[in-house]
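Beneath this line is the structure, given in structure tokens, with notes to follow.
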Amino acid sequence: YNDGNSYRLKVKTNNSSALCQFILPGLYIEENTEIETGIGSDNLFDFSLNSGGIVYNRNFIKGLNLELDNRDSLLSIRMKGDNIRVAGMRMDSSIFTLKGKENLFDALFTIRNTSQEMSNALIGTQIGFLKDSIRFTLDSNSHIMLKGNRWQLNPSNIILADSSVAIEGFRLTNGNQYLSADGLLSKTKMDSLNLGLNQFDIKVFNLFLNR
């Protein structure tokens, strides 16, 4: 609707199976999914999506809630899902938040797997959109909990450019166990990525995989 100063659009789905298959084969959107968006005379906008479930091939997210707005001169995004399977990874619940303006954003990603011995993760990062690259800077609170063991992620940088990935000071530790990475991956043969492993058992991460 339009009241002369602001605009709002509301959509509620019924059986959209045929439309989904026409637009993108393998896509399914549960009935009663609601989408609402609007923009005011002050150019502030908001967007929300609430769905009982969205499926694409073998990937799905249930209990999806997505909200966007640009209040306080900041772009803010919040996404929550109650049951997620993506690319072989399973999450009983997950929350992703992103807030910032211009080219600098703060992001927080939390995962909880209550059915898998309370495995969970908290990843905090600052994202910088630079002229020719994107920089992810992990903060000191980032960690993964697996079977009661805390795996700490050290502050580090990951820089994505057109044809290269630079990793600066990445280190995942739990007591004497660690995985580290430092260097540059690119098409240039002279570039290299250095990996370090000590008493590291990659099988512990099967708790996050959909076996």
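Counting only residues that are open to solvent by 30 Å² or more (accessible area, probe 1.4 Å) and either in a strand (DSSP E or B) or over 15 Å from residue 170 (Cβ atoms) (or both), the range 121-160 holds 21 of them. Out of curiosity, is residue 142 among the small types (Gly, Ala, Ser) and touching a residue at least 60 places away in the same chain (Cβ under 8 Å)? Answer is no for this residue. Tell me whether the range 110-120 contains one or more residues that are free of Cβ contacts under 8 Å to residues at least 60 places away in the same chain, within 18 Å of residue 78 (Cβ to Cβ) and out of contact with any helix residue (DSSP H, G or I) (no Cβ under 7 Å at 6 or more places or on another chain). Within the range 110-120, one or more residues are free of Cβ contacts under 8 Å to residues at least 60 places away in the same chain, within 18 Å of residue 78 (Cβ to Cβ) and out of contact with any helix residue (DSSP H, G or I) (no Cβ under 7 Å at 6 or more places or on another chain).
Applying the selection to the range 72-88, what residues are more than 14 Å from residue 110 (Cβ to Cβ) and either in a strand (DSSP E or B) or among the charged types (D, E, K, R) (or both)? The answer is 72, 75, 76, 77, 83, 85, 86.
Report whether or not residue 61 is of a type in the set (Val, Ile, Thr), in contact (Cβ under 8 Å) with a residue 24 or more places away in the chain and open to solvent by less than 50 Å² (accessible area, probe 1.4 Å). Yes, satisfied. Taking (1) surrounded by 15 or more Cβ atoms within 10 Å (Cβ to Cβ); (2) within 22 Å of the chain's Cα centre (by Cα) in turn, residue 34 satisfies each apart from (1). Among the residues making up the range 97-114, those that are modelled with pLDDT under 95, under 25 Å from residue 151 (Cβ atoms) and either of a type in the set (Phe, Trp, Tyr) or open to solvent by 80 Å² or more (accessible area, probe 1.4 Å) (or both) are 109, 112, 114.
For the range 1-41, the strands (runs of 3 or more DSSP E) that sit wholly inside it and include 2 or more residues that are acidic (Asp, Glu) are 34-39.
Considering the range 65-89, and only residues there that are touching a Leu at 6+ places or on another chain (Cβ under 7 Å) and more than 22 Å from residue 40 (Cβ to Cβ), the residue that is surrounded by the fewest Cβ atoms within 10 Å (Cβ to Cβ) turns out to be 88.
The values are calculated or read from the model by the stated rules, or taken from the named source; none is laboratory data. Owing to the predicted nature of the structure, the values given are computational and were not obtained by experimental measurement. All Cβ positions, glycine included, derive from the backbone under ideal geometry; neighbour counts span all protein chains shown. Note: accessible area is taken over every heavy atom of the protein model, side chains too, but ligands, DNA and RNA are not part of it. Shrake-Rupley method; radii C 1.70, N 1.55, O 1.52, S 1.80 Å.
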